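The values are calculated or read from the model by the stated rules, or taken from the named source; none is laboratory data. Note that the structure is a prediction, hence the values are computed from the model and not measured. Virtual Cβ from ideal backbone geometry, glycine too; neighbours counted across all protein chains shown.
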Amino acid sequence: MIEQPATDNRQLGTIYGIGVGPGDPKLLTLQAVEVLRGVTAVLAPRSADDRESLALAIARPHLPVSCTVLEATFPMISDPAVLARAWEEAALLLLARAEQGEATAFLTLGDAMLYSTWGYLLRALVRLCPQAPLVTIPGITAMSACAAAMGTPLAEGRAPLLVWPDTPPAEISALLANAPNLVFMKAARHLRSLAVQTARVGADAVAVRRCSLPDQAMTRELTAWADDPDYFTTVLVHSAPRKEDEP
């Protein structure tokens with residue numbers, strides 16, 4: 001049974017949602033480090049009970065020795081009822097600490113407000129305890145880190161950028177017609193399709209995996225990784241420049 005948070009007048013501790021960046025602990029923001037050094041507990045996400053939390057590994061060097069580490073499992077499934085329960089249980093873990101006046105933090109990869117579990121937790125926290133003090137600390141996104149590693153801007157001038165978080169459409173030509181710069185997140189399972197489609201339209205595509213981590217790698221031969229997928233794979237696509245855009 002899930003217990004509801006207390007509703008008395010005790011001073012609640014602040015709950016932070018911290019984007020810890022793409023992987024390299026040095027890419028944490030100064031604000032994130034400052035907050036991490038001051039919390040008494042952190043809640044780290046994992047995709048299964050036997051999986052280690054990358055977000056926790058990134059943040060751990062900056063945590064106080066006395067900091068309590070909690071972990072919550074968010075299964076990689078699409079069942080809304082199961083996911084809603086996981087978000088609520090995690091929110092209640094954070095609120096239990098906040099009710100003791102403790103400053104606590106939820107750790108999330110990349111930026112806390114871009115396709116992040118923190119967004120779902122935030123809504124659950126507001127619903128369960130509207131008076132709880134909630135603060136979001138932004139972080140560096142994987143796509144920003146990938147562009148930096150490639151030495152290629154995500155977008156320039158007035159050209160739009162489109163971020164696609166799921167299975168790519170059967171044809172990406174329509175996407176490129178509206179946004180000549182595309183980012184495909186969590187693209188490991190779609191490398192073969194993206195290789196075919198980008199070749200068909202003459203677009204430049206680069207796959208980057210485990211960006212900013214010691215085993216970071218990138219390739220323009222997307223099919224080379226098609227049979228060896230890694231969850232942390234991002235594909236950046238740029239259409240061929242129009243003649244009027246060329247210097």
Study note, to complete from the structure: Picking from A112, A148, A105, the residue that is surrounded by 15 or more Cβ atoms within 10 Å (Cβ to Cβ), in contact with a Pro (Cβ under 9 Å, 6 or more places away or on another chain) and among the hydrophobic types (A, V, I, L, M, F, W, C) would be A112
Study note, to complete from the structure: The residue from G151, G139, G202 that alone is closer than 30 Å to A91 by Cβ and small (G, A, S) is G139
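Being modelled with pLDDT under 95 and closer than 27 Å to A44 by Cα is the requirement here; does P138 meet it?
no
Taking only region 136-158 into account, find how many residues are in a loop (DSSP other than H, G, I, E, B), in contact with a Ser or Thr (Cβ under 9 Å, 6 or more places away or on another chain) and over 21 Å from A217 (Cβ atoms).
The total comes to 2.
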Practice item. Of all residues in region 97-120, count the ones that are more than 20 Å from E52 (Cα to Cα) and assigned to a helix (DSSP H, G or I). Key: 4
Practice item. Would you check if there is a residue in region 45-58 being out of contact with any Leu (no Cβ under 7 Å at 6 or more places or on another chain), farther than 29 Å from A145 by Cα and either assigned by TED's automatic domain parsing to the domain that holds D166 or not in a helix (DSSP H, G or I) (or both)? Key: no
Exercise for review: Kindly indicate whether any position in region 170-182 is among the acidic types (D, E) and either free of Cβ contacts under 8 Å to residues at least 12 places away in the same chain or not in a loop (DSSP other than H, G, I, E, B) (or both).
Suggested key: no
Review point. For region 194-208, does any single residue satisfy the condition of being under 23 Å from L27 (Cβ atoms), modelled with pLDDT under 95, surrounded by fewer than 16 Cβ atoms within 10 Å (Cβ to Cβ) and out of contact with any Phe, Trp or Tyr (no Cβ under 8 Å at 6 or more places or on another chain)?
Key: no
Check your understanding: Mind checking which pairs have a first residue in region 188-213 that is closer than 16 Å to A177 by Cβ and a second that is among the polar types (S, T, N, Q) and at pLDDT below 95, Cβ under 7 Å, 6 or more apart or different chains?
Key -> V201/S173; A203/S239
Check your understanding: Taking the stated definitions as given, is R51 charged (D, E, K, R), modelled with pLDDT of 95 or more and within 22 Å of the chain's Cα centre (by Cα)?
Key -> no
Study note, to complete from the structure: Being out of contact with any Leu (no Cβ under 8 Å at 6 or more places or on another chain) and either exposed (fewer than 13 other Cβ atoms within 10 Å of the Cβ) or not assigned by TED's automatic domain parsing to the domain that holds D166 (or both) narrows P80, P133, P75 down to just P80
